1. Of all the residues that make up the stretch 220-245, how many are away from the ligand (no atom under 16 Å from the Cβ) and over 18 Å from residue 301 (Cβ atoms)?
2. Restricting the first residue to the stretch 303-322 and requiring it to be more than 16 Å from the ligand (Cβ to nearest atom), which pairs with a second residue that is outside any loop (DSSP other than H, G, I, E, B) meet a Cβ separation below 6 Å and a spacing of at least six or different chains?
3. Where the second residue is assigned to a helix (DSSP H, G or I) and at pLDDT below 95 and the first is assigned by TED's automatic domain parsing to the domain that holds residue 451 and closer than 20 Å to residue 323 by Cα and lies in the stretch 336-359, which pairs have Cβ atoms under 6 Å and are six or more apart or on separate chains?
4. Can you pull out the residues in the stretch 115-137 that are assigned to a helix (DSSP H, G or I), within 21 Å of residue 94 (Cα to Cα) and either more than 26 Å from the chain's Cα centre (by Cα) or not assigned by TED's automatic domain parsing to the domain that holds residue 63 (or both)?
5. Identify all residues within the stretch 17-43 that are farther than 18 Å from residue 228 by Cα and part of a loop (DSSP other than H, G, I, E, B); write none if there are none.
6. For the structure I just gave you, tell me whether residue 491 is closer than 21 Å to residue 439 by Cα, in a loop (DSSP other than H, G, I, E, B) and more than 16 Å from the ligand (Cβ to nearest atom).
7. Condition first: assigned to a loop (DSSP other than H, G, I, E, B) and either within 11 Å of the ligand (Cβ to nearest atom) or under 21 Å from residue 231 (Cβ atoms) (or both). Now tell me which residues in the stretch 324-347 satisfy that.
8. Taking only the stretch 526-562 into account, find how many residues are within 16 Å of the ligand (Cβ to nearest atom) and at pLDDT below 80.
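The values are calculated or read from the model by the stated rules, or taken from the named source; none is laboratory data. Given the structure is predicted, the values throughout are model-derived calculations rather than measurements. All Cβ positions, even for glycine, are placed from backbone atoms using ideal geometry, and neighbour counts span all protein chains on display.
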Ligand code: ADP
């Protein structure tokens with residue numbers, strides 16, 4: 001075969017430092033505003049951000065960090081954390097963002113597994129670092145993200161970030177890196193078993209940033225001011241810290257105060273136009289706004305993902321506050337963006353309710369991701385909007401394997417099995433119905449726990465709800481609703497169950513509902529169904545007791561199911 005005719009374009013690698021270099025050179029005066037742990041508002045520009053990122057790179061090189069080595073972070077959304085995003089990756093080291101909300105033992109396990117050389121930490125995590133340090137003997141140093149005057153009293157010997165930076169002149173040229181070299185490391189939350197590491201490349205991160213910035217994705221523009229509520233320790237804040245400098249977008253970083261009032265005030269003060277976060281934080285913001293009787297003056301859209309956005313929340317944002325909701329689905333293994341709910345031209349001409357039905361789903365893939373649903377035999381299932389299947393994906397920002405699990409690829413015939421169960425409709429809109437572990441199997445058919453949860457939280461007296469499978473002698477499993485009431489609200493079990501009637505097929509109607517004060521959540525704010533199922537392991541559904549002549553010990557049966 002003859003050699004291919006090669007194109008004649010520059011072979012410029014796609015690397016992360018090029019993003020901050022671009023922003024510094026072409027959007028140099030665009031602002032980065034941070035609410036600091038120290039309590040005040042800090043304000044500077046992309047130009048200053050790049051300069052300090054270079055100082056950080058110099059400081060880490062001076063400390064002996066080599067390209068390819070990992071540097072951990074335990075930090076909120078703030079300008080110093082952003083400097084780590086570029087200062088660490090810019091000379092070829094790997095920025096490993098760690099979720100500080102995990103249990104200390106889990107964090108220590110992750111730090112040791114990642115083999116972090118240094119860990120940068122916000123001073124709010126001083127006590128946590130004191131706990132971690134003795135368990136992480138390979139960490140050469142812990143660096144407090146503050147100046148000398150804010151150095152916290154600690155048992156551990158720590159370095160001071162500002163002192164390290166002050167010793168460097170910032171005269172540094174980003175080296176040319178291999179675009180396939182590792183840039184960032186994020187661990188999955190590990191609700192079962194140990195967390196697993198997704199090791200992104202410079203190339204995958206830059207491509208993901210381009211995609212995130214597309215108008216039908218998060219739609220980044222230099223006209224925007226974006227406030228990522230999603231933490232920078234949660235899958236790189238969904239790529240926002242990369243996409244914002246790509247587009248020259250003003251960044252507003254909220255620090256540690258993520259309550260409704262603090263977020264609202266910062267959004268208003270900084271003219272924020274776009275935001276992004278998990279449903280739980282928006283519950284707090286909406287509750288605050290309703291209570292205080294205030295409205296947004298600049299916010300026009302928000303991306304909601306990480307768990308299913310209840311339609312009631314989507315409607316509240318749109319109808320009460322005129323804010324567009326973009327429902328997004330993704331996962332750590334996908335950098336994380338997969339799909340976003342944006343209408344196309346033809347869909348935008350449909351009646352409002354039909355549009356809403358589409359927007360409530362998780363949406364269409366962005367270029368760079370392909371998806372399919374498969375049955376138990378691995379065969380692809382139709383896109384008819386009703387057939388459920390295991391969701392598989394592939395693309396240049398989807399993992400090929402897990403970090404330090406070199407043997408054993410998670411892929412199935414070149415596709416990554418997400419562990420989610422979904423339908424895809426003829427429009428190509430994805431609808432996640434469950435994690436495969438959470439799906440309720442009733443008489444051989446599947447019931448979507450997410451759909452039932454969405455209905456429960458649409459009840460005005462319900463703040464939050466989870467739907468789990470309960471053992472049933474006839475149907476194997478039937479749905480049980482576990483709900484938290486809004487403060488001061490009253491609703492009975494019967495009223496809540498009646499609320500489902502007419503909204504789903506009869507055989508989907510929950511068999512029972514119970515009220516609790518609180519639902520268990522993971523460190524990333526998702527419902528912890530495994531824990532909840534354990535809590536309700538011995539629960540006997542009234543419909544199970546009613547099954548005539550069926551010798552059944554639900555407690556035993558539940559124990560069998562694990
Ligand atoms: P992330 O950190 O982006 O939340 P994780 O890896 O922790 O990613 O979790 C990914 C899982 O979260 C997905 O596989 C899916 O089960 C769930 N998820 C994420 N977004 C949504 C969504 N919009 N609707 C339903 N489930 C979602």
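1. Adding up the residues that qualify gives 1.
2. What qualifies is 316/286.
3. none
4. Passing the criteria: only 133.
5. Answer for the stretch 17-43, where residues must be farther than 18 Å from residue 228 by Cα and part of a loop (DSSP other than H, G, I, E, B): 27, 28, 29, 38, 39, 40.
6. Values: closer than 21 Å to residue 439 by Cα: no; in a loop (DSSP other than H, G, I, E, B): yes; more than 16 Å from the ligand (Cβ to nearest atom): yes.
No, not satisfied.
7. Filtering the stretch 324-347 down to residues assigned to a loop (DSSP other than H, G, I, E, B) leaves 331, 335-336, 341-346.
The answer is 331, 335, 336, 341.
8. 0
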